[in-house]
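Q: Questions regarding the structure given below will be posed in turn.
The values are calculated or read from the model by the stated rules, or taken from the named source; none is laboratory data. Bear in mind the structure is a predicted one, so any value in this text is a computation, not a measurement. We place every Cβ from the backbone using ideal geometry, glycine too, and count neighbours over all the protein chains shown. For accessibility, only protein heavy atoms count, side chains too; no ligands or nucleic acids. Shrake-Rupley method; radii C 1.70, N 1.55, O 1.52, S 1.80 Å.
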Amino acid sequence: MTRKTSRHLGLQLRHWHRNVGAAASLFLLWMAATGLVISFEDDLSLSRVRISWPWLMHWYGIEGVSAPTSGYNIDGHWLVSAADKVSLDEKVLDTALRDVRGAIMAGNIIYVATSSELILLTPSGQRVDILSSSTLPVFTIDALGLAGDQIAIRHEAQIFTSADGESWLENRSASVSWSKLQPLPPLLQQKAIALMAVDLPLGRIIADMHSGRLFGRAGIYVVDASGIAALILSVSGLYMYLRIQRRSR
Amino acid sequence: MLRFVVLLMVWCLPSLSVADTVYQKPDDFLHETFGATPPAPQFIWLDTKLQQSLTQILGHAYSQLRIRYWRINGHTVWILDEIGKEFPITAGFVVADDKIAVARVLIYRETRGDEIHIPAFLQQFVGLHLVDNKLEGRVDGITGATLSVNAMKNMAHAALLLNRSIP
């Protein structure tokens, strides 16, 4: 390469390096910052932080749950479920529950049946235990009720009763008051909407910011372009560095 | 865009996690330990003092007020749940002579880090015991599964502590 050609190439590279660097600087800073946070995601427990900002959920295309109109009235305590969230007396339970089949109170314990489990709660919503198919006499619970002071569960034509949820007896002739959904008072309906807001883990949102997915396909292309920019900067920067090194010898 | 939304909806359904892997049913773990007829479960209620001890181990109170266990001939079996990154890991532990005799991942719900179910990793738990209520023994971590490894260690620690707390 002649000296003139080399100088021309050097000028071109410096031109590209400067312009690409300026254009990409904000995006590269964005990726560096989000990348750093992702590196410490576990230490910061970002996945345990849930974000439910309505505008962000709307941006993601995740629609909120519609207002629940019914719930289980358990001796004055209201159990309301929407999607996989359940609230007891306006407090969202830590335990995610789907497909709630009934809720009753027996012996100061609230029993909540899903299709496959029986969850025991204190009246304040603290979980006491979860009884699954290994403890229950059925694999699927169709209904939950009270037969006097006994807990009753039904699967198809079979009815089982128990005093404490641990030992069960089949009892086809039991007279059972089965748990039923009841219309929610309007005030509780409104409160339930706020309680049951959908959310996403913060770690997921930051990962989407880093990858550009948060902004759809265009965001991904911008991140890809930033990657190419970083490549150009690396090559041009390295070339200029080596050129200067050679000159200084 | 529709595919994007559908993928996100799947992500938002923790109870229907596509990552649920049942390595061994809890019932089968009991039968493996005790034979055809496991003993009836007993319960330990977590009073304030025990919850405080568990909080020190887990970093939070245990998610239930009572824990069931099975005991025969000095062996106790504990089936515990602890969140790794986002979802609970269900693990079984056999405690004998105040030491972990068996550790098993029963149900894994996270999307990654399930290397902890590998027998070679779990073998490290055998012999773990408590010294001054601290877990004694070395368990090497797994790259990319730090939270799951920590959850298993914490559950082993909790199982040993609970074993000491039963009459």
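Q: Give me the three principal axis extents of region A:153-238 from the C-alpha atoms, as integers in angstrom, largest value leading.
A: 85, 36, 22
Q: Name the most mobile residue of A:Asp43, A:Asp164, A:Asp84, meaning the one with the largest mean-square fluctuation, in a Gaussian network model of chain A with Cα contacts below 10 Å.
A: A:Asp43
Q: A follow-up question, please. Add -39500 (n - 2.57) for each DSSP H run of 4 or more in chain B, then divide by its residues: what number comes out at 222 nm, to the nearest 500 deg cm²/dmol?
A: -9500 deg cm²/dmol
Q: Oh, and also: What average number of partner chain Cβ atoms lie no more than 10 Å from the Cβ of the residues making up B:61-71?
A: 3
Q: For A:Leu26, project a label point 7 Å along Cα to C-beta. Then give me every residue of region A:224-240 with its amide nitrogen under 20 Å of that point.
A: A:224-231, A:233
Q: Another one. Which helices of chain A meet both criteria: a Cα extent of 30 Å or more along the helical axis and a mean Kyte-Doolittle score no lower than 0.0, with helices taken as whole DSSP H segments?
A: Membrane-span-like by this rule: A:3-39, A:216-248.
Q: If you don't mind, there's one more thing I want to ask. Place a point 7 Å from Cα of A:Glu170 in the direction of its Cβ. Which residues in region A:102-144 have their backbone N less than 20 Å from it?
A: Residues A:133-144 fall inside that zone.
Q: Does region A:66-183 come out rounded, prolate or oblate, given a ≥ b ≥ c as the square roots of the eigenvalues of its C-alpha gyration tensor, rounded meaning a/c under 1.5 and, failing that, prolate meaning a/b above b/c?
A: Verdict is prolate for region A:66-183.
Q: A further question on this structure: Roughly how many Å is it from the Cα centre of region A:43-60 to that of region A:194-249, as a whole number?
A: 22 Å
Q: Based on the Cβ-Cβ distance from A:Asp43 to A:Ser133, what FRET efficiency comes out when R0 is 51 Å, to the nearest 0.05?
A: Between A:Asp43 and A:Ser133 the formula returns 0.85.
Q: For A:Ile119, B:Ile79, what's the largest-to-smallest order of accessible area, 1.4 Å probe?
A: B:Ile79, A:Ile119
Q: Moving on to the next point. When the expected Rg is taken as 2.2 N^0.38 Å, what fraction or multiple of it is the alpha-carbon Rg of region A:120-185?
A: 1.16
Q: Kirkwood hydrodynamic radius of chain B from all distinct Cα pairs, in Å?
A: That comes to 16.7 Å for chain B.
Q: Share of region A:139-249's accessible area from carbon and sulfur, percent, 1.4 Å?
A: Answer for region A:139-249 is 61 percent, counting heavy atoms of protein chains only.
Q: Straight-line reach from A:Lys91: which lysines have Cα under 28 Å away, leaving out those fewer than 8 places along the same chain?
A: By straight Cα distance, A:Lys91 reaches A:Lys180, A:Lys191, B:Lys49, B:Lys85.
Q: Need one word for region B:64-125: rounded, prolate or oblate. Basis is the Cα gyration tensor (sqrt eigenvalues a ≥ b ≥ c); a/c below 1.5 gives rounded, then a/b vs b/c decides.
A: oblate
Q: If you count only protein heavy atoms and use a 1.4 Å probe, how large is the accessible surface of A:Phe160, to the nearest 10 Å²?
A: Looks like 20 Å² after rounding.
Q: Report the calculated FRET efficiency for B:Ser165 and A:Gln126 (r = Cβ-Cβ distance, R0 = 22 Å), to the nearest 0.05.
A: After rounding, the FRET efficiency stands at 0.65.
Q: Using R₀ = 30 Å, calculate the FRET efficiency as 1/(1 + (r/R₀)^6) where r is the Cβ-Cβ separation of A:Trp55 and A:Leu231; round to 0.05.
A: Efficiency, rounded to the nearest 0.05: 0.30.
Q: Label A:Ser248 and B:Thr37 with points 7 Å out from Cα along Cα→Cβ: what is the distance between them in nm?
A: The modelled label-to-label distance comes out at 8.6 nm.
Q: Moving to a separate point now. When the label point is put 7 Å from the Cα of A:Ile220 along its Cα-to-beta-carbon vector, which residues of region A:30-46 have a backbone N closer than 15 Å?
A: none
Q: Another question, then. Tell me what chain A gives for mean residue ellipticity at 222 nm when only DSSP H runs of n ≥ 4 count, each as -39,500 (n - 2.57), the sum divided by the residue total, rounded to 500 deg cm²/dmol.
A: Taking each H run of at least 4 residues, the total per residue is -13500 deg cm²/dmol.
Q: If you average the alpha carbon positions of region B:65-106 and of region A:110-129, how far apart do those two centres end up, in angstrom?
A: Here the two parts' Cα centres lie 21 Å apart.
Q: Out of every Cα pair in chain A, what percent are spaced more than 29 Å from each other?
A: Counting every Cα pair in chain A, those more than 29 Å apart make up 55 percent.
Q: Can you check what the Kirkwood hydrodynamic radius comes to for the protein assembly as shown, Cα pairs only, in Å to one decimal?
A: It is 25.2 Å.
Q: Would you mind giving the average projected area, over all directions, of the Cα convex hull of region A:1-102 in nm² with one decimal?
A: 12.0 nm²
Q: Could I ask something else about it? How well do other chains shield peptide A:125-134, expressed as the mean number of their Cβ atoms within 10 Å of each residue Cβ?
A: 4
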